[in-house]
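Taking it in order: structure first as C-alpha cells, then the write-up.
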Amino acid sequence: MSGIKDVARRAGVSVGTVSNVLNRPQLVAERTREHVLAAIEDLDFVRNESARQLRAGASRTIAVVVLDIANPFFTDVVAGVESVADEQDALVVVSSSGGDEQRERRQLARLAEMRVMGVLITPVSAPSLEILRRSEVPAVLVDRAAGPGERWTAGAVAVDDVRGGRAVGEHLVHRGHTRTAFLGGPLSVPQVRERQQGFLEVVGAASTTTVLTAGLSVAEGRRAAAVVLDLPQDERPTAVFCANDLVALGVLQQCLLRGVRVPEDLAIVGYDDIDYAASAAVPLSSVRQPREQLGRRAAELLLGSGDEARLAVFEPDLVPRASSARVLAPPTAG
Ligand code: RIB
C-alpha cells in the first residue's frame, strides 16, 4: 500500500507539497496540484490508517463497549478480552456508554466505520441490540444473554443472575433476616432485574423494601442508603442486597458516615466480587462473577469458528464476608 512518500517521489515534489494538496489545496499551484492528484490516483494512495484498514478489510481491532468504565467489573472483563486479543495479535479498544442509549448508538456507528473485527458489548437497552443485529459487524453480548423479546442469534456470555439473587436471599434468611431491602437500578438493565427476581423469590416482596437507583455507582449507593436509613426504626431493614459492589460500597460509606454499624445494625451484600469488595473497610459479602473468564469467553466466541455453543452461562458464587456475618437471634414468640 503506497504511502505519502511514494506519491511525492512519483510526482517529483516534497512530502510537504503532497500534504498541502491533501489538506490545504489552496496553497498549491493548480498545475502542481493536478500532477500530485494524478500520482495519488496512479498509486492508489489512501490517506490514513483508518482508510487503509477500510481498503484492506477489517482492522485487527476488537471493540468493547461497556456500561461504566469506572466500574472495576468491566476492567477485569476487558483484561480477559485482551488475553485472547494478544494471542490473535489484535488490539482492544474500549468505550463506555455510561448507560446512555444515544451515546451507545453513536459509538456503534463509529465502530462500524472503523471496520473492527467485532464488538463485545454490555448493551444499555434492546434497541441497541437491534442496531447491532442489523449491522455487519460481528458482536457478542457480555454479562447478559438476550431477553425473550430480543431477536439475537449471535453469541452471548452471561452469569445466571437469578441464581445469584437467590443465593443472596438464602444467605440472609439463614442469618435470621426477615426485613430486607434491594438497592439498584435501573430495572431496564436485565442483570439488575434478574438479581432482584432471584432475591425476591427467596425473601418475598412483602418483606423487602426496593429502592431503585438511576445507575450502579457508589454515589447511587450512598443515596439509596440514605433512603433506607431514614426509614422509621420499625420499618428499617436489617439487611440490604445491592445490585453490584459499587452500590454496596456506597451503602457502606453512608453507614460509616452515620455511625451505623455493619453488620450489627445493617448487613450488606453486593454483586461482582470486585477486588475492592474484599478490601473494603468492612470486607464486603458479594456474589462472584468470573469476570476475566467472561471477557475471555466472549472474545473466543467472537473470533471463533462459530461452531461452538453461542451462549455461555457461568454460575455465580456467593462469597460471605464480615459485612453480613452477624446471625440475628430468632424473633421471640408472643
Ligand atoms: O452489567 C451491568 C452490571 O452488572 C455492571 O454494573 C456490573 O457490575 C455487573 O454486575
- request: Could you pull out every residue, at least 5 positions away or on a different chain, whose amide H is within less than 5 Å of the one on Ser286? Hs are placed 1.01 Å off N in the peptide plane, and Pro or chain starts have none.
  value: Gly270, Val319, Arg321
query: Just how large is the dipole of the chain about the Cα centre, in debye to the nearest 20, putting +1 at every Lys and Arg Cβ and -1 at every Asp and Glu Cβ?
result: 680 debye
query: Average projected area of the Cα convex hull of the chain, in nm²?
result: 21.8 nm²
- line: The helix 291-303 Cα axis meets the longest alpha-carbon principal axis of the chain at an angle in degrees, between 0 and 90 and rounded to 10, of 40 degrees
- line: Row for region 55-119, column shape: gyration tensor on C-alpha, a ≥ b ≥ c, rounded if a/c < 1.5 i.e. under 1.5, prolate if a/b over b/c, else oblate; value oblate
- prompt: For region 4-47, with only Lys/Arg (+1) and Asp/Glu (-1) charged at the beta-carbon, what is the dipole magnitude about the Cα centre, in debye rounded to 20?
  reply: 200 debye
- prompt: By the gyration tensor of its Cα atoms, with a ≥ b ≥ c the square roots of the eigenvalues, what is the shape of region 176-231: rounded for a/c under 1.5, prolate for a/b over b/c, or oblate?
  reply: oblate
field: Two-site FRET efficiency, Val15 against Ser135, from Cβ-Cβ distance with R₀ of 25 Å, rounded to 0.05
entry: 0.10
- request: Specify the angular offset, from 0 to 90 degrees and rounded to the nearest 10, of the alpha carbon long axis of helix 218-229 from the longest principal axis of the alpha carbons in the chain.
  value: 20 degrees
- line: To the nearest 10 degrees, the tilt of helix 190-203 (Cα long axis) against the first principal axis of the alpha carbons of the chain is 10 degrees
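None of the figures in this text is laboratory data; all of them are computed from the coordinates on show. For clarity, every value in this text was computed on a predicted model and none was experimentally measured. In this analysis, Cβ positions are derived from the backbone assuming ideal geometry, glycine residues included, and neighbour counts consider all displayed protein chains.
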